Amino acid sequence: MSDHRNRPAGTAPSAETLDVLGIGIGPFNLSTAALLPKDGVTARFLDRKDAFDWHPGLLFRNATLQSPFLKDCVTLVDPTSEYSFLNFLSRSRRLNRFVVADHPNVKRREFNEYFKWICRSLDTLRFGTGVESLTFDGGAFVAGTDRGEYRAKDVVLGVGRAPFVPEGARAHLGETVFHGSEYLLRDIDPTGKRVAVIGGGQTGAEIFDDLISDDARLPSQVTWVTRRGNFAPFDESPFANELYVPGYTRYFHAQTPAERQRLLPMQKLSSDAILQPLLEGIYRRLYETDFLHDRGLDYRMLVDRQFTRVSPKADGWVLTMEGPNGVEAVEADIVILATGFSNGVPAVLDQLADRLVLDEDGRCVVNEDFSLRWDGPPDHRIFAHNMSLHTHGWIDPNFAGMAWRSGVIVNSLTGRYLYDVDVDGTTVDWGGKTTTTLEMPVLEPTGAGI
């Protein structure tokens, strides 16, 4: 085991050879690092950032998780792990207070503290180390970094997804047009200004809520635009949550690409929607604005509008969108794009791109164990977090599947069944049993002549 701890500085020895190289240290790869056995596996996880920080541009004071806290980095595959959220609470001497507080949803800021606590406990992490290239030399993957070279038998990608900026806004990114993931990192003063928020998911809702809630920095107008038919609540019902158990994920992966594509939009609100308490808080704030307290705030909430472009004008911006009644325009001083993240192949794979097997839509083909299909030796694999929505379903980008997916990956990396990743079936019979013509009952003739 390495004699230097997780730290931003330090230079890797020339061509350090590993069993596992992790690229990116977000929550998902942190989960994998925490579940890897301490003995018998040499591993390093690298990240360009100097320290761990989970979406700092969106760590609102009251922002909460969309998943129960038991769906942490490890618990659902190893409830006795030292890296559980409950152990974090115990070690930080707040477990009893946490239980008494009885939070309906845990604050994201507290989970950020939990992630940082794990980082301090693992000696396999190397921050301040950016991966500049990734190739395969016939015997190992070779990662060139700004602190030396690493060779590894297998690679685990956890680089996250790049912010998605609609084509009609890319040319105008700057001080007053930016992606929502940067919201709290921007030194903007919305006081008295017209602000437009594009995107009707959780991020758009949190930004809209922040803009309308601070009377000291209140805009003159906030317009919230979504292409969805309404500002839809997150589906937290038990049967929706069964989409995030191993049994369903294996069922989903076994379906044809066409069937998986049919299912995904039907299940979207179980992952990509707005928490009910946040929607209720927004509605009540708007009620107070309309009837109880004249705050000088004008607002518009526009649904079923497809954003097309933003154009400059003398005193700000004009947003153009397609709506039920044709083309509409909205003027704004600040445009915030809460438009999610892209699902493309990450740039770190550029030098291996021609070796990856892609489907007819140009997406990576992902095996059941979350390894990418490629033309290299089968005992050298590239595993990936957050690249298999199209093959594994909504569990892929969701915290609900974090520990289970890492357990699957670790089992495959080590060639051992260290974690029971097949423990749960489902209540719902998702696929049923197909009756073939050989199994069809023989109909008795009725003589009815029909």
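Where a number appears in this text, it was derived from the coordinates with a stated rule and is not lab data. Here the structure is a predicted model, which is why all the values come from computation and not from measurement. Glycine also receives a Cβ, built like all others from the backbone with ideal geometry; neighbour counts cover every protein chain displayed.
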Expressed in nanometres to one decimal, the distance between label points 7 Å along Cα→Cβ at ARG228 and ALA254 is 3.1
Applying 1/(1 + (r/R0)^6) with R0 = 51 Å to the Cβ-Cβ distance of GLU132 and ASP429, what FRET efficiency is obtained, to the nearest 0.05?
-> 0.55
One finds the C-alpha centres of the stretch 343-368 and the stretch 226-282 to be spaced, in Å, by 25
Taking every Cα atom in the stretch 259-301, find the radius of gyration and the maximum pairwise distance Dmax, and write them in Å.
-> 16.5, 51
In a Debye calculation with equal point scatterers on the alpha-carbon sites of the stretch 158-232 and no solvent, what is log10 I(q)/I(0) at q = 0.19, 0.20, 0.21, 0.28 Å⁻¹?
-> -0.89, -0.98, -1.07, -1.53
Percent of Cα-Cα pairs per 10 Å bin, from 0 to the last occupied bin, for the stretch 69-121, please list those.
-> 24, 62, 14
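Taking the Cβ-Cβ separation of GLN306 and ASP123 as r and a Förster radius of 35 Å, what is the calculated FRET efficiency to the nearest 0.05?
In this case the efficiency is close to 0.10.
Taking only the Cα atoms of the stretch 312-372, how large is their convex hull per residue, in Å³?
Output value, Cα hull per residue: 191 Å³.
If you take the beta carbon distance between THR320 and ASP39 as r and set R0 to 51 Å, what does 1/(1 + (r/R0)^6) give as a FRET efficiency, to the nearest 0.05? Write out the running numbers ahead of the final one.
Numbers: r = 60 Å, r/R0 = 1.17.
It comes to 0.30.
When MET321, MET402 are ordered from fewest to most other Cβ atoms inside 10 Å of their Cβ, what list results?
With the fewest neighbours first, MET321, MET402 line up as MET321, MET402.
Show me the three semi-axes of the equivalent ellipsoid for the stretch 267-339, from the C-alpha gyration tensor (sqrt of 5 times each eigenvalue), largest first, rounded to whole Å.
Details: eigenvalues 123, 85, 28 Å².
Sorted largest first and rounded, they come to 25, 21, 12 Å.
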Contour minus Cα-Cα distance for ASP19 and ALA51 (0.36 nm per residue) | 9.1 nm
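Would you work out if the stretch 43-89 is rounded, prolate or oblate? Take a ≥ b ≥ c from the square roots of the eigenvalues of the alpha-carbon gyration tensor; rounded if a/c is under 1.5, else prolate when a/b is larger than b/c, oblate otherwise.
Values: a/c = 2.46, a/b = 1.14, b/c = 2.16.
Oblate is the answer for the stretch 43-89, as a/c is 1.5 or above yet b/c matches or exceeds a/b.
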Orientation-averaged projected area, Cα convex hull of the stretch 261-395 (nm²) = 13.2
Mean residue ellipticity at 222 nm from the helices of the chain, using -39,500 (n - 2.57) per DSSP H segment of n ≥ 4 over the full residue count, to the nearest 500 deg cm²/dmol?
-> -6500 deg cm²/dmol
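What does the convex hull of the Cα atoms come to per residue for the stretch 222-299, in Å³? Can you show the working numbers first?
Values: hull volume 8.2 nm³, N = 78.
Value for the stretch 222-299: 105 Å³ per residue.
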What's log10 of I(q)/I(0) for the stretch 5-159 at q = 0.14, 0.18 Å⁻¹, Debye sum over Cα points only, no solvent?
-> -0.72, -1.07
Quick shape check on the stretch 331-431: root eigenvalues a ≥ b ≥ c of the Cα gyration tensor, a/c under 1.5 is rounded, otherwise prolate if a/b tops b/c, else oblate, and it reads oblate
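Express in nm, to one decimal, how much length is gained between TYR287 and GLU113 on full extension, taking 0.36 nm for each residue of separation and deducting their alpha carbon distance.
On the way: separation 174, 0.36 × 174 = 62.64 nm, distance 3.48 nm.
Using 0.36 nm per residue and subtracting the Cα-Cα distance, I get 59.2 nm.
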